[in-house]
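Note sheet for the following structure.
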Amino acid sequence: MMRRAIPLIRSVAGIGARPIFASSARGPLLMGSTTIKENLGMSSCLPRLQRQSVASMVFRGYSTGNHKDEKPDKGAARRDSNEEHNNPEKSPENPSEDEYVTQVRQKLAKAMEKAKRDRDRDGEKDKGNKEDEERSFSGTSGKKKSQGQDSIEFNIPPMQGNHIIIALLATYLVYLFIFDRPAGRELTWQEFRVSLLDKGFVERLTVINRKLVRVTLKSNADSLATSSTWYFTIGSVDSFERNLEEAQKELKIPASDRIPVAYIDEGGAWNTILALLPTIVVVGALFWLNRRATGANAPGGGLFGVGKSRARLFNQETDIKIKFKDVAGMDEAKEEIMEFVKFLKEPAKYERLGAKIPRGAILSGPPGTGKTLLAKATAGEAAVPFLSVSGSEFVEMFVGIGASRVRDLFKTARKMSPCIIFVDEIDAIGKARGRTTSMGANDEREATLNQLLVEMDGFQTSDHVVVLAGTNRPDVLDSALMRPGRFDRHINIDLPDVEGRKAIFLVHLAKIKTFLDLDNLSGKLAALTAGFSGADIANCCNEAALIAARKQANSVEMIHFEAAIERVIAGIEKKSRVLTKEDQRTVAYHEAGHAVCGWFLEWADPLLKVSIIPRSIGALGYAQYAPADNMLMSEKQLMDRMTMTLGGRVSEEMHFPTVTSGAVDDLKKVTRMATMMVTQWGMSRKVGLVNFDQSEQTFNKPFSEETATIIDEEVRRIATEAHTRCVELLTAKRNEIKLIAEELLSKEVINREDLERLLGARPFADRNAAFEKYVAGKKETSPDLPSPPPNDTPGAEPAPTA
Ligand SMILES: Nc1ncnc2c1ncn2[C@@H]1O[C@H](COP(=O)(O)OP(=O)(O)OP(=O)(O)O)[C@@H](O)[C@H]1O
């Protein structure tokens, strides 16, 4: 073979033009770690030496120092070297250069000796340990590494759960930092070329896993070189093949003698496992956490307890003292819900006859009407546990948590059976699916709703769990919730009428200290609080007691209740807000305008009080009416109400050179009423008998552009008509306005008696039976019987329509 035939010195000379020191300088090739630095230092202090000769000396030095089968010429070289070392003053022909070379040789010899000693010591150690592999791992810093390895102790504690994950991660890191190194010593490409390839030492190359090349040397290679396994890293197989090809061309190696290259994959299965290890660890960790979160034995509701239901448990023995007698009014609702109570008390009575009890009921109605109270009273009557949860507590950022909480809630309820679950504000999760327009945000809500539907289907009537749900928006609920077998019953709880309010007042007045006749008091208060919910009434009674206490009263009087009602309606008085004289006059004339309209318009609500004391809700003055609990509003009533609402603005127009922004709320009300008349109640002949439902937020209007224009015109027409009527009325009653306004400026608040004194008796009957009975102190009159209108007031004329 051509390579073998190349003498050592020639092969070194053959690379004379190549920067071998440059390559040596980047990394020690065939030397132990201690020799590296010495050689590096040496290279820099040998500027005048032929590089190839130094290289040859390095190789020669190694070869003589380590090979047992020394060749005669190499042995001679070592003897020379030793001789030179022992006789430094032996002078060559060119003393300075020779001396220099001698020094270098001495240094070299020392380095080689040291390297030999290191190697021998390593070898003995390794033999003792029977761990040949480890010696190879140590590479150029073998000594340090083998020392380090001696001291490594793996103290593995008993593993469980997260310990296993930590151990797997640690294993992987160890693999990355230690075991992902092949056995042997590493070279650079240049080092490989200069020291092995160019010298013809290379027998064959093995590309391992497409990133490492293991070098197999010929038997004739330098003994130092053959004493270890060499490898170098490649960027890519292509560039390696290209470089090798070029190098062999340069070395003029014929095609038939080219170095064979083999390609293998080593440690396939193990490598694959290790490569997949991070993924396995992460997936495993997630799986483990998930099991903890959702598993049957999940502690505390799973991961951080997020999947646990937040329902509050009220126990009948401790918390639920509420009975049906505490829930005033709503007799029909109580009757309907009584069926659930009877079932929970005596289920056998129903089951014996094959009757299935309804699974649940939806209680709908405005806020504060007593839905929760009714549900609690049901639990109190049936003497069963009551689990109360709000629909919004199911809604979370992450999909699945809500569903998990629903599951948990029903699981708990079944354990406590018989029991009542009450889901307040069920519209938070029960909205019709696909109805809202927000993208992606519905997944969690829908998943929760689906789970609720599944749970309600899933439990048997024998579970004796009843689900009650409260909502203010039954119209937006998913129809699947309302079908028989789920929420079978729909119980509507409306704002209480006057009798309902009276009953609720009686319930709450029972806790208040007052010497007034409760029946009369509750009736009077009920008449004054049209539109109040049960919660408002409870608040009003409490406020009255607070006001009485503040005023150091012994018992709560009517005056305290009136103040409390005013406070609930308009907020607290803001005496600190001082108006200028001019502003006060404007407010007084504005309110006087409303008052006169309310007094002289037939269909207007009874006027109770007028005030120009600023209130915390932002009003600078207000007029209080006592509207009847009307189920229906006639066109005439609507027109009179709009006329009365515009009374303030018209009075400003009449008495001041300019109008103010004080009518903003009035204008809003008028616009809303007029729009409802046109688009909802079919009270515009031009638009016709149509109803455009705009209750839901939709992007598209349910009418054409042309209809929109007509609607705008009609709304404006109605508002203008109301304004015209108001101007006519107030122009005729200019003096009355002045009387009221001046009284207001002097007293700040005037009541119904003051109004009667200033304006005379109201020319129309108050169309509020309860008001007449309890407040006005008159005999009950039928609201259906209108009194004959006097001819001199515009309010007497029928309201004009389109
Ligand atoms: N019919 C009633 N009889 C007695 N008190 C009532 C009645 N309705 C409401 N209340 C009072 O109002 C309070 C609030 O009522 P509740 O919470 O039941 O209203 P809700 O309809 O559930 O309100 P929301 O829709 O805002 O949840 C009750 O605690 C009670 O004091």
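Numbers below:
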item	result
Cleavage-rule hits, GluC sites (Glu not before Pro), segment 674-762, DSSP coil, Cβ neighbours within 10 Å at most 12	E696
Peptide ranges 236-242, 527-533 listed from the most packed, as the mean C-beta count within 10 angstrom indicates	527-533, 236-242
Amide H contacts of F422 (H built 1.01 Å from N, under 5 Å, at least 5 apart or other chain)	L387, S388, V389, L468
Placed amide H near H490: partners under 5 Å, 5+ positions off or other chain	I362
Per-residue HN-Hα couplings for segment 471-488 [Karplus 6.51, -1.76, 1.60; θ = phi - 60°; Hz; x = Gly/Pro]	8, 9, 10, x, 5, 9, 6, 5, 5, 4, 6, 8, 6, x, x, 10, 8, 5
Mean Cβ count within 10 Å, highest first, over the residues of peptides 446-454, 666-674	446-454, 666-674
Built amide H within the under 5 Å cut-off of R185, gap 5+	T229, W230, Y231
Value of D in µm² per second that Stokes-Einstein yields for segment 499-570, Kirkwood Rh from Cα pairs, at 10 °C (1.306 mPa s)	136
Label-point gap, in nm, between T658 and A708 - each point 7 angstrom along Cα→Cβ	3.4
Fully extended contour minus Cα-Cα distance, from S634 to N472, at 0.36 nm per residue	55.7 nm
Cβ-based net charge around F340, under 15 Å, with every Lys or Arg adding one and every Asp or Glu removing one	+2
Simple spin-label estimate for A383 and N751 in nanometres, 7 Å along Cα-Cβ	4.9
Sequence ranges 376-389, 326-339, 680-693, 473-486, ranked by mean other-Cβ count within 10 angstrom, highest first	376-389, 326-339, 473-486, 680-693
At R0 = 56 Å, FRET efficiency that the Cβ-Cβ distance of F515 and L169 yields, to 0.05	0.10
³J(HN,Hα), Karplus 6.51/-1.76/1.60, whole Hz, each residue of segment 425-430, x for Gly, Pro	6, 5, 4, 4, 10, x
Karplus (6.51, -1.76, 1.60) ³J(HN,Hα), θ = phi - 60°, over segment 646-656, in Hz, Gly and Pro reported as x	7, x, x, 5, 5, 4, 4, 4, 6, 10, 10
Extended-chain gain in nm, criterion 0.36 nm per residue less alpha-carbon gap, D494 and R550	16.8 nm
Lys, Arg +1 and Asp, Glu -1 on Cβ, resulting dipole of segment 535-642 about Cα centre, debye, nearest 20	540
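Read-outs throughout are calculated quantities, based only on the coordinates presented, and are distinct from any laboratory measurement. Fair warning: this is a prediction, and the values are worked out from it, not measured in the lab. Because the Cβ atoms are built from the backbone with ideal geometry, glycine has one as well, and the counts that use them run over all protein chains shown.
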